Amino acid sequence: MTKRLQEACKEWGEDLVLYYYGECRDAERSRVERHLEACASCRQLVEDLRALLPGTVRPDDPPQRFWQDYSRELRRKLDAQEEKGLGWKDSLFWLRPWPVVSMATAAVLILALTLTFGRGKWRPQKFLMPDESVLEILPMAENAEFFRAMELLDSLDLLEAAPGLGNGPTRDGGAA
Amino acid sequence: MEARPPAELGDEELVALAQKSSREAFEVLVERYKQKAYRVAFDFTRDREEAKDLSQEAFLRAFSHLKRFDLRASFYTWLYRILVNLCLDYGRRRGRISLEPWDSKVEQDSSLNGAVDRTPSSPDQKAIASETAREIGKALAALSPKQRTAFLLKNHEGLSIREIAEIMRTAEGTVKAHLHRAVTALRRSLAGFAERVIP
């Protein structure tokens with residue numbers, strides 16, 4: 001790998017990476033190769049990738065024992081998941097799609113039958129609300145009228161009692 | 001006609017059997033892909049135990065969701081997708097990729113081709129190899145999760161751009177762009193390192 005970084009042509013960067021990984025079709029590859037013949041900095045980039053990228057791959061290579069344990073452990077986890085899954089599924093039986101759909105269908109069917117055949121048998125009995133409320137409001141309204149009349153009478157009494165007005169007693173004790 | 005043993009069946013047939021609750025068929029798939037799955041998880045985590053746990057978790061999730069798998073993608077693409085998501089979640093939880101395993105494994109592993117000798121013998125070479133390994137870890141950790149995923153699946157696993165696009169559920173052009181950015185960033189940081197270290 002070169003120590004000094006040479007920038008490749010910007011417009012070729014992606015193509016050069018794909019070329020390095022062998023992801024170019026024949027026509028593209030020929031085009032890239034023609035460019036590489038003419039361009040030293042792009043050639044340097046490809047050389048850098050060849051020198052640099054394989055060294056970044058550092059796979060782990062566990063011993064055979066590891067793989068035996070791996071399979072045994074995973075089997076145990078699968079067993080546990082299956083057991084847990086069954087218990088969980090049983091407890092949520094009513095939330096499974098088909099019981100929900102069948103229960104909803106049954107509910108709609110019952111409602112439809114009730115509305116079809118039950119018409120006329122069921123009379124709405126609780127829709128007396130307006131009348132009841134009127135009956136409740138009327139006495140209140142009458143009371144209000146009564147109290148308003150009382151207030152009026154009080155006012156008349158006061159007027160009558162006022163000196164020099166109406167039939168109230170005069171200063172000299174005679175009637176007005 | 002005599003039925004073939006599960007180990008001889010193709011992935012699609014095994015998936016179909018496993019979808020009918022055949023544990024044996026699923027275990028054949030596990031045996032077929034456990035090393036590849038582990039390797040991908042190790043690329044992301046650089047930790048043997050974490051890689052084992054994450055790859056096993058991917059198999060467990062695949063098993064529990066197998067009935068919803070519609071075979072539009074191949075089984076291993078689907079498994080890799082589950083696994084990569086688990087690895088990215090792991091990375092988010094951890095905050096960053098551990099650099100330590102790169103250092104500890106450096107003496108038994110190869111180092112950068114060309115930059116240093118593949119089998120460091122002298123103390124100087126060992127020190128450079130160790131530094132190089134640390135630098136690679138740092139450079140990979142500095143990539144965005146998408147760039148790192150595209151890079152690891154291409155460079156380490158040798159998957160095609162189309163397969164990576166399926167795993168990452170994105171367009172091939174997007175994968176190419178992630179890969180290009182990842183490689184450019186790695187080259188830049190490792191070239192800078194080579195300039196500093198190599199006399």
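Taking the numbered list (1) more than 17 Å from the chain's Cα centre (by Cα); (2) at pLDDT below 95; (3) among the acidic types (Asp, Glu) in turn, B:Glu31 passes all entries but (2). Restricted to segment B:153-199, and to residues that are surrounded by fewer than 23 Cβ atoms within 10 Å (Cβ to Cβ), in contact (Cβ under 8 Å) with a residue 60 or more places away in the chain and facing chain A (nearest Cβ under 9 Å), which residue is nearest to B:Gly137 (Cα to Cα)? If we take residues in segment B:153-199 being surrounded by fewer than 23 Cβ atoms within 10 Å (Cβ to Cβ), in contact (Cβ under 8 Å) with a residue 60 or more places away in the chain and facing chain A (nearest Cβ under 9 Å), then B:His156 is nearest to B:Gly137 (Cα to Cα). Being in a helix (DSSP H, G or I) and either more than 9 Å from chain A (Cβ to nearest Cβ) or at pLDDT 95 or above (or both) is the filter here, so list the residues in segment B:12-24 that pass it. Those that are in a helix (DSSP H, G or I) and either more than 9 Å from chain A (Cβ to nearest Cβ) or at pLDDT 95 or above (or both): B:Glu12, B:Glu13, B:Leu14, B:Val15, B:Ala16, B:Leu17, B:Ala18, B:Gln19, B:Glu24.
Answer with yes or no whether A:Ala8 is among the small types (Gly, Ala, Ser) and either outside any helix (DSSP H, G or I) or touching a Cys at 6+ places or on another chain (Cβ under 9 Å) (or both). So A:Ala8 fits the description; yes.
Scan segment B:25-47 for residues that are more than 19 Å from A:Asp61 (Cβ to Cβ) and within 11 Å of chain A (Cβ to nearest Cβ) and report the count. Count: 3.
Right, A:Arg29: modelled with pLDDT of 90 or more and away from chain B (no Cβ under 13 Å) or not? In short, yes.
Of the residues making up segment B:140-158, one or more are of a type in the set (Ser, Thr, Tyr), part of a loop (DSSP other than H, G, I, E, B) and at pLDDT 80 or above. Among residues of segment A:6-26 being without any contact (Cβ under 8 Å) to a residue 24 or more places away in the chain and among the hydrophobic types (A, V, I, L, M, F, W, C), the one that is farthest from the other protein chains (Cβ to nearest Cβ) is A:Cys24. Hey, can you tell me all the residues within segment A:36-78 that are assigned to a helix (DSSP H, G or I), over 30 Å from A:Trp12 (Cα atoms) and either facing another protein chain (nearest Cβ under 9 Å) or modelled with pLDDT under 90 (or both)? Listed by number, the residues that qualify are A:Phe66, A:Trp67, A:Asp69, A:Tyr70, A:Ser71, A:Glu73, A:Leu74, A:Arg75, A:Lys77, A:Leu78.
The values are calculated or read from the model by the stated rules, or taken from the named source; none is laboratory data. Not measured: the values here are computed from a predicted model. Methodologically, a virtual Cβ is constructed for each residue, glycine included, from the backbone with ideal geometry; neighbour enumeration extends over all protein chains shown.
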